[in-house]
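Data block below; observations after.
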Amino acid sequence: MTDWSIDHIPPMTGKLAVVTGATGGLGFETAMALAGAGAEVVLTGRSDAKGSAAIERICERHPDAIISYEHLNLASLDAVATFARRFDAMYASLDLLINNAGVMALPTRQTTADGFEMQLGTNYLGHYALTARLLPVLRRNKAPRVVNLSSLAHRSGLIDFDDLQGATFYKPWKAYQQSKLAMLIFAIELQRRSDAAGWGLMSNAAHPGFALTDLIPNGPGSGGLMGLGSRLLRPLSHSAAAGALPTLFAATSPDAKPAGYYGPNGVYEMKGPPAPAKIMPRAQDAAVGARLWEVSAALTGMSFDQVAIAA
């Protein structure tokens with residue numbers, strides 16, 4: 001996969017993709033590339049105005065793009081359910097689900113509509129529930145893929161089952177690291193469960209390295225030590241379009257592997273073309289994966305097994 005680029009994306013005509021958080025940053029660049037390769041792409045986001053602007057920009061680049069926008073707030077399980085019901089009524093099957101949306105290192109603890117810590121709820125639990133609800137429509141496809149966005153931050157993450165919601169002790173980066181570790185664990189555990197139950201999914205994950213997106217300035221990067229650190233590390237960064245390449249590789253390449261993890265191939269995986277990325281041992285711990293899965297099912301009220309039976 002040396003110097004893999006969007007030019008290596010195979011033809012995607014006839015395929016349908018959903019990209020969460022696609023009105024800007026990595027999600028937008030991912031949607032742009034998929035549309036350019038011929039896929040029908042459903043962008044999701046929380047801002048309808050940004051959704052309309054994103055579609056306009058993509059159509060300027062690719063006038064023949066088959067693209068639409070759907071409102072989706074991953075910080076609300078009701079909103080996730082509403083989106084999934086609407087999507088299931090509109091489409092017969094789904095080829096590709098890219099769980100991209102996220103918030104980063106919120107300075108003060110906030111909660112979702114369901115009372116979850118905002119980063120865990122938005123970055124992980126919302127995507128867990130979305131994937132479960134879309135499992136039937138994914139399984140109607142012959143070779144569906146689910147790609148989860150993780151981060152270099154997963155390397156320092158820990159799933160704190162005793163204080164999962166940060167209610168006792170909240171630190172912005174601790175919560176972010178936990179949410180991104182959870183996304184990687186979810187990708188690996190989803191593949192385990194699919195293999196065991198015969199769901200037919202390919203589940204993998206990717207991270208963008210240090211990509212220059214709105215995620216940093218909208219979270220911790222507007223000032224203080226984090227803002228200074230971001231400026232000092234800028235020479236090791238790359239664009240959002242480059243940061244989306246590992247996701248696109250995981251989503252489209254015939255060389256992508258089940259339970260694989262992809263990121264940039266440069267120093268500390270901060271920038272460069274896609275390559276297999278380092279997975280911390282705790283992300284591959286089957287006992288942790290099983291426990292997180294069961295906790296997530298209880299918190300969200302979503303059972304993949306029951307959904308699969310009903311499919």
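All told, Arg282 meets the bar of being in a helix (DSSP H, G or I), at pLDDT 95 or above and open to solvent by 60 Å² or more (accessible area, probe 1.4 Å).
Each residue in the range 146-183 was checked for being among the β-branched types (Val, Ile, Thr), open to solvent by less than 40 Å² (accessible area, probe 1.4 Å) and in a loop (DSSP other than H, G, I, E, B), and 1 of them qualify. If the Cβ limit is 6 Å and pairs must be 6+ apart or interchain, which residue in the range 72-88 that is more than 25 Å from Arg109 (Cα to Cα) pairs with which residue that is basic (Lys, Arg)? From the range 72-88, the pairs are Ala84/Arg133.
Yes/no per residue for (1) part of a strand (DSSP E or B); (2) more than 18 Å from the chain's Cα centre (by Cα); (3) of a type outside the set (Asp, Glu):
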| residue | (1), (2), (3) |
| --- | --- |
| Thr247 | no, no, yes |
| Ala251 | no, no, yes |
| Pro254 | no, yes, yes |
| Ala259 | no, no, yes |
| Gly263 | yes, no, yes |
| Val288 | no, yes, yes |
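Counting only strands (runs of 3 or more DSSP E) that sit completely within the range 1-115, those holding 3 or more residues that are hydrophobic (A, V, I, L, M, F, W, C) and either open to solvent by 40 Å² or more (accessible area, probe 1.4 Å) or under 22 Å from Leu201 (Cα atoms) (or both) correspond to 16-19, 40-45, 96-99. Of all the numbered requirements in (1) of a type in the set (A, V, I, L, M, F, W, C); (2) more than 20 Å from Arg145 (Cα to Cα); (3) open to solvent by less than 70 Å² (accessible area, probe 1.4 Å), Ala298 misses one, and that requirement is (3).
The values are calculated or read from the model by the stated rules, or taken from the named source; none is laboratory data. Keep in mind it's a predicted model, so treat the numbers as computed, not measured. When we count neighbours, we look across all protein chains shown, and the Cβ atoms used for this are built from the backbone with ideal geometry, even at glycine. When the accessible area is computed, the model is the full protein with side chains, heavy atoms only, and any ligands, DNA or RNA have been set aside. Shrake-Rupley method; radii C 1.70, N 1.55, O 1.52, S 1.80 Å.
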